[in-house]
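The values are calculated or read from the model by the stated rules, or taken from the named source; none is laboratory data. Computed from a predicted structure; not experimentally measured. Reconstructed Cβ throughout: ideal geometry from the backbone, glycine too, with neighbour counts over all protein chains shown. Side chains included, ligands, DNA and RNA excluded: accessible areas come from the protein's heavy atoms. Shrake-Rupley method; radii C 1.70, N 1.55, O 1.52, S 1.80 Å.
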Number of protein chains: 2
Amino acid sequence: MDKVEARVLKGFRDYLPSEMIARARMLEVIERTFRSFGFLPLMTPALEYADVLLGKYGDEGDSLLYRFLDNGERDVALRYDLTVPLARVVAQYPELPRPFKRYQVAPVWRAEKPARGRFREFVQCDGDIAGSEDLLADAEVIQLGAAMLDGLGVKSFRIQVNNRKVLAGMLDRAGLGRGKQELDVLRTVDKLPKIGEEKTRELLRIENGLDERQIGGIFEFLSIAGTTAEVIRRSKELFEAGSVGRRGVEELEEVFGILDAVGLEGRAAVDLSIARGLNYYTGTIYESFLGELPGFGAVMSGGRYDGLIGAFAREEIPAVGISLGLDRLLAGLRELKVIEECESTAAVLVTVFDGASRALSARLAGELRAAGIACELFPQAAKISKQLRYAERTGKRVVVIAGPDEAARQCAQVKDLASRAQVEVPIAGLAEKVSSLLSL
Amino acid sequence: MDKVEARVLKGFRDYLPSEMIARARMLEVIERTFRSFGFLPLMTPALEYADVLLGKYGDEGDSLLYRFLDNGERDVALRYDLTVPLARVVAQYPELPRPFKRYQVAPVWRAEKPARGRFREFVQCDGDIAGSEDLLADAEVIQLGAAMLDGLGVKSFRIQVNNRKVLAGMLDRAGLGRGKQELDVLRTVDKLPKIGEEKTRELLRIENGLDERQIGGIFEFLSIAGTTAEVIRRSKELFEAGSVGRRGVEELEEVFGILDAVGLEGRAAVDLSIARGLNYYTGTIYESFLGELPGFGAVMSGGRYDGLIGAFAREEIPAVGISLGLDRLLAGLRELKVIEECESTAAVLVTVFDGASRALSARLAGELRAAGIACELFPQAAKISKQLRYAERTGKRVVVIAGPDEAARQCAQVKDLASRAQVEVPIAGLAEKVSSLLSL
């Protein structure tokens, strides 16, 4: 075979075992939480017809698709998120229960400029409720998100909630049209927490072509802060009864009524500057941040998208969802040192030597496993010193040594790597001895 | 948004909840088995530089890659298997433990002609040992595979084992050269179980250009059958001491010595017609079949590939692995009715009605979850009949009804869907009542 340099594509990465063990533990909590809310698992293909994905995320999203012609000259693209594939599924399978609550944990691909903490392949954990326009569903996915973060041991997080109708009302007040200009302005507003007010004003002027009066109107609105009750009261005053903005504020009020009832009042708050970059949102939107890492960016976000499924179905089907970014959150938890690092999946190594004892070693490993003890068989005959070094390198706690002498006497040496103590036990008592050492 | 037809690409599919629930249960067993053998989890990117994958699988494999130029004009391809990415990883990260035992569960993509049971995207579950040339490692991955099938409740399976060196010896005897012709002939031989002897002879003559004497030599060899001990004895007689074929037979003998010691003699057997289609195998090879579904094809396969990692590294690093096809196996287990079908992740539904009881419903669902009971909140106010139909449609066993009357009295109705019995309980006793109904 020709020699090739071992390397990964820019923006992609390998997850080595210590990272994967941490991720697996997180995924267990996340999936258990989804199931505890009765959400059903779903998996969709990595590749979709390009037209299924195009036009759903906005121009920027479209330009970031991994899109190509396949061997049959079909125009295809890797999935960009899990929401649009869900919308397709809901439209495609009328036999699914309705309302349909589903979760999906899967990688998505975006050809973004790689940056610190931004990758072109990353795993999203999404939970969505399709087929309910009731704001109870909005409150439930927020509650679900909070339960996931709680379960993962995140001590302080803030779920910042807004509503696209409120933002539409804000743009109405500033005399701006709907459609593309609306989205472009929202995308600029979305950058406010990252780039600050001055830079945001400049972008609104130069890139979005807004005049000072319009920009002033937007910032008069965005400057409303305080408790959720205060923000709701003050922003309500800005909108006429029956206007789209007022409806948005009333929706926020109802969602927070339910969040209060389920004890989430301290974890979620209204934040009028939350805008979300994606095209398809229509109502409630939210982003969640780690309280102890203010500059870290959102780890979980989502919202209501009542028009998306209708792009695939004969009827409009309202839907709302939440998406947790597994790898972003893991990076955050690592920075907070909440993650317990672990290098191994088995705590026991069984040694291997040349000759007649090899088969015994393999048999002992099998017997330990049959007793419920995860254990690794060293996969080749080697010096004991090399095997002990490997045991330490891979985080083992106990080494079972069974060489030719032990095979002749039908016994094994059991070495506790922490105390370095070593005892000989008959083979019949091996599992019990190892088990008692591991439970110390 | 423009209307688009909801559809998936040919050869791809959505996994709906009942399928996903069955897969999740299988994956739990599979991953637990990998960990019980001390294998470490790894994840590699879906996309690789094309040159990392090219030339490893043979011409047919190369032609089936999903390969394209990305937005930066890089020549990239979706991974075709999990073995070549592992080889790259072993070469790329000298800091990994050596020997390195890893598992990876992930989809792979092959632009094959779709057929019944053959898809362009499917999940492989791979376990490999890199860095050991000891045949103990070959025996261990076979043992690992058997433990997975056992754990999954597969009652009768056969692991059919051969060795590429034995096949090389067979081709030597037939006077055939190495390299491309060897691989082409093996790929034809690989089809023997599917297409039968007559058609195989015809292909060897027409497509591979072999003469009758050569074909006769191959079939003289392939006709050796019987117990593993008999096949080893008879095939040994065909090869001179020191020849590559003889070394292959001796390797088989050693592997089976270990398999016998760990009690696998009944599950694995030598089968000289197993050839494996992929380029990179160099020693032991195996395929596993479901005993009760003779025509179903292999559900698990693998082998030794001592030259592959060297394509990426300065040194040769021997390796051996096994790969279980999750979806193929699931299809087989479904046919055998070994899979328990399940439509739900929560056994309890909490109803929702308009008005003041909504918040109570959300709170009760949260309290049940806090008590460890997975439960779903119906996500919108609706008639009780609609909610009960949904509960039955989604496989619930218990429905908790909390409407305005119950809210006023701080109680809830608990309905057992099987017996249709309904009792009223105070809210404080709800979790206990539901729990006792579920444990019946």
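For region A:16-74, give me each residue that is touching a residue at least 60 places away in the same chain (Cβ under 8 Å), crowded, with 19+ Cβ neighbours inside 10 Å, touching a Gly at 6+ places or on another chain (Cβ under 9 Å) and within 30 Å of A:Gln181 (Cβ to Cβ).
Within region A:16-74, A:Tyr57, A:Gly61 meet the criteria.
Keeping to region B:393-418, report how many residues are under 42 Å from the mean Cα position of the chain (by Cα), modelled with pLDDT of 95 or more and either surrounded by fewer than 13 Cβ atoms within 10 Å (Cβ to Cβ) or among the polar types (S, T, N, Q) (or both).
0
Among the residues of region B:363-375 satisfying the criterion of being buried (at least 24 other Cβ atoms within 10 Å of the Cβ) and closer than 19 Å to A:Val255 by Cβ, which is nearest to the other protein chains (Cβ to nearest Cβ)?
Looking at the filtered set, the residue picked out is B:Ala365.
Could you grab me the full set of residues in region A:205-242 that are among the polar types (S, T, N, Q) and either surrounded by fewer than 18 Cβ atoms within 10 Å (Cβ to Cβ) or assigned to a loop (DSSP other than H, G, I, E, B) (or both)?
Those that are among the polar types (S, T, N, Q) and either surrounded by fewer than 18 Cβ atoms within 10 Å (Cβ to Cβ) or assigned to a loop (DSSP other than H, G, I, E, B) (or both): A:Asn208, A:Ser223, A:Thr227.
Taking B:Arg79, is it touching a Pro at 6+ places or on another chain (Cβ under 8 Å) and farther than 23 Å from A:Leu377 by Cβ?
Details: touching a Pro at 6+ places or on another chain (Cβ under 8 Å): yes; farther than 23 Å from A:Leu377 by Cβ: yes.
Here the answer is yes, as B:Arg79 does meet what is asked.
With a cut-off of at least 3 residues that are touching a helix residue (DSSP H, G or I) at 6+ places or on another chain (Cβ under 8 Å) and on the phi > 0 side of the Ramachandran plot, name the helices (runs of 4 or more DSSP H) lying wholly within region B:12-119. It would help to see each step written out before you state the result.
Working: elements: B:17-36, B:50-53, B:59-63, B:83-92.
Answer list for region B:12-119: none.
Here's the yes/no breakdown for (1) among the aliphatic types (A, V, I, L, M); (2) touching a Lys or Arg at 6+ places or on another chain (Cβ under 7 Å); (3) within 14 Å of chain A (Cβ to nearest Cβ); (4) touching a residue at least 40 places away in the same chain (Cβ under 8 Å):
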| position | (1), (2), (3), (4) |
| --- | --- |
| B:Ala87 | yes, no, yes, yes |
| B:Pro94 | no, no, yes, no |
| B:Lys101 | no, no, yes, yes |
| B:Phe157 | no, yes, no, yes |
| B:Leu167 | yes, no, no, yes |
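From the set of residues in region B:325-347 that are open to solvent by less than 30 Å² (accessible area, probe 1.4 Å) and aliphatic (A, V, I, L, M), which is nearest to the other protein chains (Cβ to nearest Cβ)?
Across region B:325-347, the extreme among qualifying residues is B:Ala346.
Which fully enclosed strands (runs of 3 or more DSSP E) of region A:292-389 have 3 or more residues being within 26 Å of the chain's Cα centre (by Cα) and either at pLDDT below 95 or not hydrophobic (A, V, I, L, M, F, W, C) (or both)?
By residue number, A:300-304, A:319-325.
Can you name every residue in region A:66-85 that is within 27 Å of B:Ser63 (Cβ to Cβ), facing chain B (nearest Cβ under 9 Å) and of a type outside the set (Ser, Thr, Tyr)?
Those that are within 27 Å of B:Ser63 (Cβ to Cβ), facing chain B (nearest Cβ under 9 Å) and of a type outside the set (Ser, Thr, Tyr): A:Arg67, A:Phe68, A:Leu69, A:Asp70, A:Asn71, A:Gly72, A:Arg74, A:Val76, A:Leu78.
Exactly one condition in (1) open to solvent by less than 10 Å² (accessible area, probe 1.4 Å); (2) in a loop (DSSP other than H, G, I, E, B); (3) farther than 30 Å from B:Asp2 by Cα; (4) in contact with a helix residue (DSSP H, G or I) (Cβ under 9 Å, 6 or more places away or on another chain) is not met by A:Leu9; state its number.
Exception for A:Leu9: condition (4).
Out of (1) under 23 Å from the mean Cα position of the chain (by Cα); (2) part of a helix (DSSP H, G or I), the odd one out for B:Arg158 is which?
Against the list (1) under 23 Å from the mean Cα position of the chain (by Cα); (2) part of a helix (DSSP H, G or I), B:Arg158 comes up short only on (2).
One residue is enough: does region B:120-140 have a residue meeting the conditions of a type in the set (Lys, Arg) and not in a loop (DSSP other than H, G, I, E, B)?
Scanning region B:120-140 turns up no residue that is of a type in the set (Lys, Arg) and not in a loop (DSSP other than H, G, I, E, B).
Identify all residues within region B:348-362 that are within 17 Å of B:Asp416 (Cβ to Cβ) and at the interface with chain A (Cβ under 9 Å from one of its Cβ atoms); write none if there are none.
Correct list: B:Val348, B:Leu349.
Filter region B:227-277 for residues that are under 29 Å from B:Gly175 (Cβ atoms) and free of Cβ contacts under 8 Å to residues at least 24 places away in the same chain and give the result.
B:Glu230, B:Arg233, B:Arg234, B:Lys236, B:Glu237, B:Glu240, B:Ala241, B:Gly242, B:Glu250, B:Glu253
Considering (1) within 23 Å of A:Ala381 (Cα to Cα); (2) buried (at least 23 other Cβ atoms within 10 Å of the Cβ), say which one B:Pro94 fails and leave the rest.
So the condition that B:Pro94 fails would be (2).
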